[in-house]
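The values are calculated or read from the model by the stated rules, or taken from the named source; none is laboratory data. Here the structure is a predicted model, which is why all the values come from computation and not from measurement. Glycine gets a Cβ as well: all are built from the backbone with ideal geometry, and neighbour counts include every protein chain shown.
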Amino acid sequence: MTEPTVRMTVSQALVAFLANQWTVDGDHRERTIPGVFGIFGHGNVAGIGQALMQANAQDPDLMPYHQARNEQAMVHQSVGFARMHRRLATYASAASVGPGAANMLTGAALATANRLPALLLPSDTFATRVADPVLQQLEHPHDTGISVNDAFRPLSRFFDRVQRPEQLCSIALAAMRVLTDPAETGAVTIALPEDVQAEALDVPLAFLAPREWHLRRPLPERGPLARAVQAIRDARTPLIVAGGGVIYSAAEQALLRFAEQTGIPVATTQAGGGSLVWDQPQYLGGIGATGSTAANRLAAEADVVIGIGTRYSDFTTASRTAFQRPDVTFVNVNVAPFDAYKHGTQLPVVADPRETLEALIEALAGTRVDAAYADRIAREKREWDAAVDRALAPTGGAL
């Protein structure tokens, strides 16, 4: 039986495909790619540009286009949007051949370094090489197959180049899998040669049908969870480091209940800011190079550090000087194995932060820090809050 198809260009098919991608987290469902930022120039006017114009004429809400003024900025906007949407949605960014595409490199690095999704659609030189070289083409004397877009390879969690129209379907599906995977997400780059963008193919209707990408929330395995529970139960001066993963997994309420139940103090990374409200008794503020004195004093004495959704950047660890006890133990909860195994920990928990916190709340019922440590936490918090109040108090003088 022949699969039903429709004749479209590569660009038309890609735009129609992206318009029908949905991210689902429990009862919440939203468009994975709600729109496109772009700057049109050499290599993407007749392809992606025309496809977006036709989509807008068909339905302005199908794939809205927003004209940007700077390629780097439009990727940064996409990354910021993804962060505010808990990595469930991001924008696509389309750029022209050469410098236009190269201007997105910094944005790609930002997305990948911070584990935030961004879809990049840089135009590329002719796949057929009929027009060679094109305007602003990078001409490498030792490898004529290299273009500016190859610089995206080390900066992307997924990179591919559509050299033939028939490759689009498999590339687009692979790109979306990485984009929506909480453990693998980052910059996803699909390089689009300017001739291939406008070439036609018979697109399977199934490729264009609405597709849902359900957020993975892996549960903690029994063994790692039991070892983590024992380490926390035995700790005398534990400290929680809450990273961006707490926010991305919607684990704020679970973190609050865990901190209130156990009395364990919480410090946040820059990405984890906002996980708890400032006046919550266990919340000590930021940690590391830009952190509070309260958090950093307790970090220096912590015997067990419970990292939840953090990648332990140098700002968080103060270049590995924040946690000063030689016998400090790290319990790292992260959906990404790469981050869960950092600091040489023997207690990684590769799982969703919210699911793991819920399991810890149940397993550690009745466990609480001792009175002396609780008093120390309260004293450090009072001193830090007082310092903040003094710094922010109005003086009545000129600003």
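A Cβ distance below 9 Å, combined with a sequence gap of six or more or placement on separate chains, defines the contacts here; from region 331-360, residues that are under 13 Å from P182 (Cα atoms) reach residues that are aromatic (F, W, Y) and part of a helix (DSSP H, G or I) in the pairs V335/Y248; P353/Y248. Can you find a residue that is on the phi > 0 side of the Ramachandran plot and either in contact (Cβ under 8 Å) with a residue 40 or more places away in the chain or not assigned by TED's automatic domain parsing to the domain that holds N149 (or both) anywhere in region 182-204? Yes: region 182-204 contains one or more residues that are on the phi > 0 side of the Ramachandran plot and either in contact (Cβ under 8 Å) with a residue 40 or more places away in the chain or not assigned by TED's automatic domain parsing to the domain that holds N149 (or both).
For the condition farther than 27 Å from L138 by Cα and modelled with pLDDT under 95, E30 does not qualify. Residues in region 160-216 that are farther than 27 Å from V24 by Cβ and among the charged types (D, E, K, R): R161, R164, E166, E194, D195, E199, D202. Would you call R227 assigned by TED's automatic domain parsing to the domain that holds Y248, in contact (Cβ under 8 Å) with a residue 24 or more places away in the chain and surrounded by fewer than 20 Cβ atoms within 10 Å (Cβ to Cβ)? Here the answer is yes, as R227 does meet what is asked. From the list Y341, Y312, the one residue that fits, being under 23 Å from the mean Cα position of the chain (by Cα) and buried (at least 20 other Cβ atoms within 10 Å of the Cβ), is Y312. Restricting F126, F152 to those that are aromatic (F, W, Y) and at pLDDT below 95 reduces the list to F126. Figure legend. Inter-residue proximity from region 306-327: first residues farther than 17 Å from P348 by Cα, second residues among the hydroxyl-bearing types (S, T, Y) and outside any loop (DSSP other than H, G, I, E, B), beta-carbon distance below 8 Å, spacing 6+ or different chains. Indicated pairs: F315/T290; A322/T316; F323/T317.
Only one entry of A95, A113, A172, A102 meets the criterion of being small (G, A, S) and buried (at least 24 other Cβ atoms within 10 Å of the Cβ), and that entry is A95.
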